[in-house]
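Asks: Input: one structure, supplied below.
Nothing in this text is a laboratory measurement; each read-out follows from the coordinates by a stated rule. Fair warning: this is a prediction, and the values are worked out from it, not measured in the lab. Heads up, the Cβs are rebuilt from the backbone with ideal geometry, glycines too, and the neighbour counts pull from every protein chain shown.
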Amino acid sequence: MRIGVITFPGSLDDRDAARAVRLAGAEPVGLWHGDRGLRGVDAVILPGGFSYGDYLRCGAIARFAPVMADLVPAARAGLPVLGICNGFQILCEAHLLPGALTRNAGLKFITRDVPLRVENAGTAWTRAYSGGEQIVVPLKSGEGAYAADAGTLADLEASGQVVIRYAGDNPNGSADAIAGVCNAEGTVVGLMPHPEHAVDPLTGPSADGLGFFASVLARVAA
Amino acid sequence: MTVTDTVARAAATAGLPQPFAELGLTADEYEKIVATLGRRPTGAELALYSVMWSEHCSYKSSKVHLRQFAATAPPSAALLAGIGHNAGVVDIGQDYAVTFKIESHNHPSYVEPHQGAATGVGGIVRDILAMGARPVAVMDALRFGPADAPDTGRVLPGVVGGISFYGNCLGLPNIGGELDFDPSYAGNPLVNALCVGVMRHGDLQVAEASGPGSKVILFGSTTGPDGVGGASVLASATFGDAASGGTESAKRPSVQVGDPFLEKLLVECCLELFAGGLVTGIQDLGAAGVACATTELAAAGSGGMLVRLDEVPLRDATLGPPEILMSESQERMMAVVEPGRVAEFLAVCAKWDVRAAVIGEVTDAGRLVMTWRGETVVDIPPASAADGPVYHRPLARPASQDALAAGDPAMLPRPADGAGLRADLLALLGSPGLADKSWVTDQYDRYVRGDTVLAMPDDAGLLRVDEATGLGIALATDGNGRYCRLDPYLGTQLALSEAYRNVAATGARPLAVTNCLNFGSPEDPAVMWQFAEAARGLADGCAALGVPVTGGNVSFYNQTGTAAIHPTPVVGVLGVHDDVRRRVGIGFRDVPADLVLLGRTGPEFGGSAWAHVCHGHLGGRPPAPDLDAERQLAALLAAAIADGLLAAAHDLSDGGLAVALAESCLRGGTGCTVRLPEDPFTTLFSESAARAVVAVRPGSETAFGQLAEAHGVPAAGIGSTGGDSLTVDGCFAIPLAELAAVHTRTLPALFGPVLPGPVVPD
């Protein structure tokens, strides 16, 4: 099982995502933003970080990277793709996911361990969880407030595309406390919290995040 | 069109007046330059000497005192590179080496808090990178004026935001540090940034230009007018001068602007260059920019360098040689590369979108020569600029020390009963210096890179270095301006002791020391006395503890008008942890465990948090350091944690046992009940050194008792963990919810809520 992890200029959690893939039992494959082709991987992760410094709108430059020209059609054809934090922002900018991420309501970068509720345990990246399950995963972002128009939010709720939701305080002012969404097919998932930082209680608040990576293994194996 | 001040012109115009005083040079220093060169310096040379001989770059006032660190350093097989390099390098075993250093960015952080603090992080990261290491974490030791002063409301959020902006975007976890407040830092905050890096032994890089014909490459950001004169004007003058519009600061921004994204690219680019063996010498550009990098590389190498300043990529085409030499534009490095490897070097830079330019070559002429538009504008012996003057500044113990020492805190009224003790503990816990620091630390990423095992509010930051073996490193910084004001010699040893103890409390063995010495003006004999005492205290302390100083930084002129800050040496200690999986934190967990107080407690309240917070008092003698006891305590903690005997350990420092117990209860979400001997006030609030409180893993009580005895550490059972309150039998009980409320509300009340107001669901 080979899972690609893309490194953009300014990607920071690529090493952590690769470690999570390895701990879940798959082989991480590094993908370089400037290269074409996906090296035959079975799934792709866009890791957290500050691609291009986030000096422009977060993810707005990275979506034009050469590797994205191959990723976007592959994702539309069903390749499982997970975007974490900056990766989520890039997926929104690439229109693989609906909505956008805006400045935190408190206007500050925040790092904290947040309780989350898994709302949809049927996606490619969440099937190792059960619906309604509560997990604790770190959140660390300055532009993590999920935003979409009222119609889109209603559609997301109706179609089960809200994947995870903040279960405690809404830490950043996200609409409907949404922490993660998926595409209609449930193959492309974007999360603001960082499951790759919750794969070992030694270095994270829990090992609750491992399920995201285990989920895609089960799916790819099936 | 201005005339270029060439070497030929300088030789022909001997008596031309030059603005040496405006550049921070004394008449004596100017005469020394003239004598060295045998003519007046050119404008470019004058700029170069002025920044190289600034206090910030030359250590001219501190050097004679710093020498004792190396002279009295204990022999340490662990030291791979010591003082004098960009940062010291320590062997931690398994072929890994660690390099770490702390540096000040105090003055820029007052002028422009956000960028000042941000570029402080960037600068220390490049120091670590230049040693050949991958930077893996940062820490920050911060001190501000009174927490409720309006200006602190400007400076603190800016500083924290700047560290957050730069460190988070760069991808380095922030694993700890300090935050304190005192009126002496009003108008002169302390922003000390520490970085630590990890490498393999063979990866060590050198800062020297050897091999005539090798190319000198400047890479990273372009060079602009930002920070011109920063080192000479800002860092060597008091704010009274700079803020009121010295000519330099009126013309140009003295504080640099940081680009953490470029720094991230520069880090990855450099590591790939090192791995490819493409670099024979490397130097970061910090204070004094190109002037410093070229002179230091040339002075340490085979003796000469030719630089064509026209080749320096500029972001402002109007800059001339003096500005190019002095610019402190950030995110730049300088490498020495064999001619045959230049193409490969440039290819790696191109991969990372890092601009690079060949600006000169190494020569064997023994001179640092620079040209501009085909004419020579610099021609100097590089060592003359790199070595700088050395001053034996007059020092005198100020008479005010006696009055301070006479103000014995034994005279202060003590709480009369349990209710009084309870009130004092809550006052301490809610005081800005001891309150919960999440408002600050939540703005930093502590998770990135996935190796952070412990971070604030634990005693030390703890990082995993090797996933397979569990090898790791622990780091703590400590300083106490109140102790040092009372006695700089003892106060500095107490700072060292506390950092050493904090590292030991995780189970790590302390190995090496870095320091950032923050003081007022060296031209004030009273300040110079404080500095000399502090340096002597640190040297003696390190010798006694068996840990060498591997490097550090001196920051003088921390004063407003004639009022100096409290002398504030900040000491960083690095330890090695054999297996981070066996670490303990400070938190009490919900398994009932015996609590043991380690060390001796006496009535020591001079400079204590209790005297400061409850009485606004500073006087008497600071607690007595006991370095032998520190060694024994650290050895006991390392052994007990390696054997798995402990569930929690917390060092005792500011606020004594009372504050330590409260912090451990809150960290783990579990209360405790303690029974104290005769004098609960002293036991709760004394700040005697060489103490810790530990929770013993159930079933290990006997083994731990024997181990403590074998190490000669006094151990007193004082109670046990459990419940949901902090209870002192016969005195008071405080529910954890009340403790938490008092502890956490202070900083948000002062600096604004982190979370938005309640989000009303529709």
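Asks: Mind checking the dipole of the range B:500-608: about its Cα centre, +1 per Lys or Arg Cβ, -1 per Asp or Glu Cβ, Debye to the nearest 20?
Replies: 420 debye
Asks: Another question about this same structure. Can you pull the one-decimal nm distance between simple spin-label points at B:Ala405 and B:Val390, each 7 Å off the Cα toward Cβ?
Replies: The answer from the label model is 3.1 nm.
Asks: Once each part is reduced to its C-alpha centroid, what is the distance from the range A:85-104 to the range B:313-346 in angstrom?
Replies: Going from one Cα centre to the other spans 37 Å.
Asks: Take every residue in peptide B:450-458, count the Cβ atoms of other chains within 10 Å of its Cβ, and give the average of those counts. Before the final figure, lay out each step's value.
Replies: Working: counts 15, 5, 4, 3, 2, 1, 0, 0, 0.
Going residue by residue through B:450-458 and averaging, the value is 3.
Asks: Turning to a different aspect of this structure: Show that you can apply the helix-only estimate: for the protein assembly as shown, add -39,500 (n - 2.57) for every DSSP H stretch of four or more residues, divide by all residues, and state [θ] at 222 nm to the nearest 500.
Replies: Numbers: 32 runs with 332 residues, N = 984.
So the calculated ellipticity at 222 nm is -10000 deg cm²/dmol.
Asks: In a solvent-free Debye calculation with one equal scatterer on each Cα, what is log10 I(q)/I(0) for chain B at q = 0.05, 0.09 Å⁻¹, listed in the order of the q values?
Replies: Treating every Cα as an identical point scatterer, log10 I(q)/I(0) equals -0.25, -0.79.
Asks: Please give the helix B:627-642 orientation as an angle from the longest Cα principal axis of chain B, in degrees from 0 to 90, rounded to the nearest 10.
Replies: Long axis of B:627-642 versus the principal axis of chain B: about 80 degrees.
Asks: Most exposed first by the Cβ proxy, i.e. fewest other Cβ within 10 Å, how do A:Met192, A:Met68 rank? Let's see the in-between values first.
Replies: Values: A:Met192 31, A:Met68 21.
So the residues, fewest neighbours to most, are A:Met68, A:Met192.
Asks: At a 10 Å Cβ-Cβ cut-off, how would you order B:Thr295, B:Thr721, fewest neighbours first?
Replies: Numbers: B:Thr295 29, B:Thr721 26.
Least crowded to most crowded, the residues run B:Thr721, B:Thr295.
Asks: Right, another one. What is the helix-to-structure angle for B:736-751, meaning the angle in degrees between its Cα long axis and the longest Cα principal axis of chain B, kept from 0 to 90 and rounded to the nearest 10?
Replies: Compared with the principal axis, the helix lies near 30 degrees.
Asks: If you place +1 on the Cβ of every Lys and Arg, -1 on the Cβ of every Asp and Glu, and leave all else neutral, what size is the dipole of the protein assembly as shown about its Cα centre, to the nearest 20 Debye? Each step should come with its number before you reach the end.
Replies: On the way: 67 positive and 105 negative charges, 191 e Å.
Dipole size: approximately 920 debye.
Asks: Let me know the charge dipole size of the range A:2-221 about its Cα centre in debye, to the nearest 20, where only the beta-carbon of Lys, Arg (+1) and Asp, Glu (-1) is charged.
Replies: Working: 17 positive and 22 negative charges, 66 e Å.
It works out to roughly 320 debye.
Asks: Per-residue mean of other chain beta-carbon atoms within 10 angstrom of the beta-carbon, peptide A:10-23? Don't skip to the end; give the middle numbers.
Replies: On the way: counts 9, 3, 9, 6, 1, 5, 5, 1, 1, 4, 1, 0, 1, 0.
The shielding value for this peptide is 3.
Asks: Take B:Gln706 and B:Leu16, extend 7 Å from each Cα along the Cα→Cβ direction, and tell me the distance between the two endpoints in nm.
Replies: In this crude spin-label approximation the distance works out to 8.2 nm.
Asks: For B:570-583, what's the mean count of beta carbons from other chains sitting within 10 Å of each residue's beta carbon?
Replies: Values: counts 0, 0, 0, 0, 0, 0, 0, 0, 0, 0, 2, 2, 0, 1.
Counting other chains' Cβ atoms within 10 Å and averaging over B:570-583 gives 0.
Asks: Residue farthest toward the positive end of the dipole of the protein assembly as shown, with Cβ of Lys/Arg at +1 and Asp/Glu at -1: which of B:Ala383, B:Ala87, B:Pro74?
Replies: Value: B:Ala383.
Asks: What FRET efficiency, computed as 1/(1 + (r/R0)^6) with R0 = 60 Å and r the Cβ-Cβ distance, is obtained for B:Glu311 and A:Ala184, rounded to the nearest 0.05? Please list the in-between numbers first.
Replies: Numbers: r = 56 Å, r/R0 = 0.93.
Once rounded, the FRET efficiency stands at 0.60.
Asks: Once the Cα gyration tensor of the range A:2-221 is found, what semi-axes does its equivalent ellipsoid get, as square roots of 5 times the eigenvalues, in whole Å, sorted largest first?
Replies: Details: eigenvalues 97, 76, 62 Å².
Here the semi-axes work out to 22, 20, 18 Å.
Asks: Using only Cα atoms, find the angle between the long axis of helix B:289-300 and the longest principal axis of chain B, and express it within 0 to 90 degrees, rounded to the nearest 10.
Replies: Tilt of helix B:289-300: around 90 degrees.
Asks: For the protein assembly as shown, build the charge dipole from Cβ charges (+1 Lys, Arg; -1 Asp, Glu) around the Cα centre, then report which of B:Leu429, B:Ser214, B:Gly281 sits farthest towards its positive end.
Replies: B:Ser214
Asks: How would you rank A:Glu93, B:Glu31, going from fewest to most other Cβ atoms within 10 Å of each one's own Cβ?
Replies: B:Glu31, A:Glu93
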